[in-house]
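The values are calculated or read from the model by the stated rules, or taken from the named source; none is laboratory data. Small disclaimer: the values here were computed from a predicted structure and weren't measured. Neighbour counts run over all protein chains shown; Cβ positions are idealised from the backbone, glycine included.
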Amino acid sequence: MRMSRIIGLGCAGWLVIFLLMGCKKGSGGTPTPTPTPNPNPQTPVWDPNAYRAVWLTNVASNALDTRDNIRATVENCKKGGINHIFVVVYNNARTLYPSTVMQQLIGIPIAEKFAGRDPLKEVIEEGHLAGIKVHAWFEYGFASSYSASGGPIVAARPNWAARDFSGLLTVKNGFDWLNAFHPEVQQFMIDLFKEVVTKYQVDGVQGDDRLPAVPSSSGYDAYTMALYKAEKGIDPPPDSKEPVWLAWRAGKLNAFLKRLRTEVKAIKPSILFTMSPSPYPFSLNEYLQDWPVWVDSGYVDAVFPQCYRYDIAAYTATLTQQKTALKGKTDICFPGVLVKSGTYVATDGFLTQMIQANRTQGFKGEAFFFYEGLKDKISFFQGQYPYIK
């Protein structure tokens, strides 16, 4: 109502009657209903079918420490618009569920901190109650341990160790590595995946920049060198990045991934089989991850390249590289966005820029690393993320 119309009634009594009736007659005598406030002035602009995912880990986070923490974590994810959770199930030679495979290998069925519980089961139950899909994330993949000389796995199976040209255990950025080309190592990883898919109602399984992967400096163990010589007729070159040698090893990882997918899908055809590799071509040159082949060959249902950058110019450049590698298949690619690492937390402005860059390049969703960042910035994820174009 406008004040001029109220005054035009000429009487305070009429005003009271009008207010009680909740409507007035205009100059033409037509009743005018009182406007009803819009309870939802904005509608999310995101694609409802796209991944809006977050990685959930036990490192630098207490999210998995109790059932109550898991419940609160899932609640925050729901508030933040997350529809897929990638929960860690394997890292640093430990599982976060009671594992027969690990019990048989190293005599420890679950990470000691979680003995007597089953965090994977708890996340699945709470996630499904909230309508969120839960994926088992095999974080360490073919990395055996972190700065532990191979850890308990290599101690139990010394012939599983990856070797560099000097014959030493392959170590890169602090991570100790298993020989990703050895059939026993490959079977171990397949057994872990199949164990999870068989025992749990997970919606998906995921490897990352360590699965399938191994540093390109590796491959100089007796088994792999003999295999290369048998197939190529020559010894592997001392240059670990010589093109033929590099491509041969990458091809072996491609074949492993195809087999892993086939065996997992045989158990549960509907399961989402996804990977989160390093950005291409770094992934190939440094870790033998030729993931554009995975996309072209239909080995993955979705891919989440880890486009972790600290300024928009670097992020956009990396995003452009990934789009080129995908050859137009942006519909199954969802860039990995870094929200938090150590003391670093991305600003609202930078997060907005990265998500806008994703949409501009044709990527309909993304995955965020990691949950603690989402929790720190829950107001952004509730109030801004749904409306970024």
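Brief remarks on what is shown
- For region 312-320, the condition of being closer than 18 Å to Gln206 by Cβ and under 19 Å from the mean Cα position of the chain (by Cα) holds for none of the residues.
- From the list Leu169, Leu178, the lone residue that is without any contact (Cβ under 8 Å) to a residue 24 or more places away in the chain, in the same structural domain as Phe273 (by TED's automatic domain parsing) and closer than 23 Å to Ala250 by Cα is Leu169.
- Hey, Ile355 surrounded by fewer than 19 Cβ atoms within 10 Å (Cβ to Cβ) and either within 19 Å of the chain's Cα centre (by Cα) or modelled with pLDDT under 95 (or both) or not: no
- On inspection, Lys194 passes the criterion of being touching a helix residue (DSSP H, G or I) at 6+ places or on another chain (Cβ under 9 Å) and not in a strand (DSSP E or B).
- The single residue among Gly342, Gly336, Gly349, Gly328 that is closer than 28 Å to Arg71 by Cβ, surrounded by fewer than 21 Cβ atoms within 10 Å (Cβ to Cβ) and out of contact with any Lys or Arg (no Cβ under 9 Å at 6 or more places or on another chain) turns out to be Gly342.
- Here Ile82, Ile108 are screened, and the one residue that is at pLDDT 95 or above, crowded, with 24+ Cβ neighbours inside 10 Å and outside any helix (DSSP H, G or I) is Ile82.
- Residue in region 125-135 that is of a type outside the set (Phe, Trp, Tyr), in a strand (DSSP E or B), surrounded by fewer than 20 Cβ atoms within 10 Å (Cβ to Cβ) and at pLDDT 95 or above present: yes
- Residue within region 231-244 that is in the same structural domain as Gln306 (by TED's automatic domain parsing), crowded, with 20+ Cβ neighbours inside 10 Å and hydrophobic (A, V, I, L, M, F, W, C) present: no
- Region 94-109 residues that are within 16 Å of Tyr146 (Cβ to Cβ), paired with ones that are modelled with pLDDT under 95 (beta carbon under 9 Å, 6 or more apart): none
- Of the residues making up region 262-285, those that are among the aliphatic types (A, V, I, L, M), in contact with a helix residue (DSSP H, G or I) (Cβ under 7 Å, 6 or more places away or on another chain), under 22 Å from Phe334 (Cβ atoms) and outside any loop (DSSP other than H, G, I, E, B) number 3.
- Flag if Lys199 is surrounded by fewer than 23 Cβ atoms within 10 Å (Cβ to Cβ), out of contact with any helix residue (DSSP H, G or I) (no Cβ under 7 Å at 6 or more places or on another chain) and in the same structural domain as His135 (by TED's automatic domain parsing): yes
- Counting only residues that are part of a loop (DSSP other than H, G, I, E, B), within 12 Å of Phe369 (Cα to Cα) and not hydroxyl-bearing (Ser, Thr, Tyr), region 298-313 holds 4 of them.
- Screening Arg210 on (1) buried (at least 19 other Cβ atoms within 10 Å of the Cβ); (2) of a type in the set (D, E, K, R); (3) farther than 24 Å from Ile85 by Cβ shows it passes everything except condition (3).
Yes/no matrix, rows are residues, columns are (1) in contact (Cβ under 8 Å) with a residue 40 or more places away in the chain; (2) in contact with a Pro (Cβ under 6 Å, 6 or more places away or on another chain); (3) charged (D, E, K, R); (4) in the same structural domain as Ser240 (by TED's automatic domain parsing):
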{"site": "Ile271", "(1), (2), (3), (4)": "yes, no, no, yes"}
{"site": "Val295", "(1), (2), (3), (4)": "no, no, no, yes"}
{"site": "Tyr308", "(1), (2), (3), (4)": "yes, no, no, yes"}
{"site": "Ala314", "(1), (2), (3), (4)": "no, no, no, yes"}
{"site": "Gln322", "(1), (2), (3), (4)": "yes, yes, no, yes"}
{"site": "Thr330", "(1), (2), (3), (4)": "no, no, no, yes"}
{"site": "Phe334", "(1), (2), (3), (4)": "yes, no, no, yes"}
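- When the criteria are applied in full, Ser278 meets the requirement of being more than 19 Å from His84 (Cβ to Cβ) and among the hydroxyl-bearing types (Ser, Thr, Tyr).
- Here the condition is being among the basic types (Lys, Arg), assigned to a loop (DSSP other than H, G, I, E, B) and either without any contact (Cβ under 8 Å) to a residue 40 or more places away in the chain or surrounded by fewer than 23 Cβ atoms within 10 Å (Cβ to Cβ) (or both); of Lys375, Lys364, it holds for Lys364 alone.
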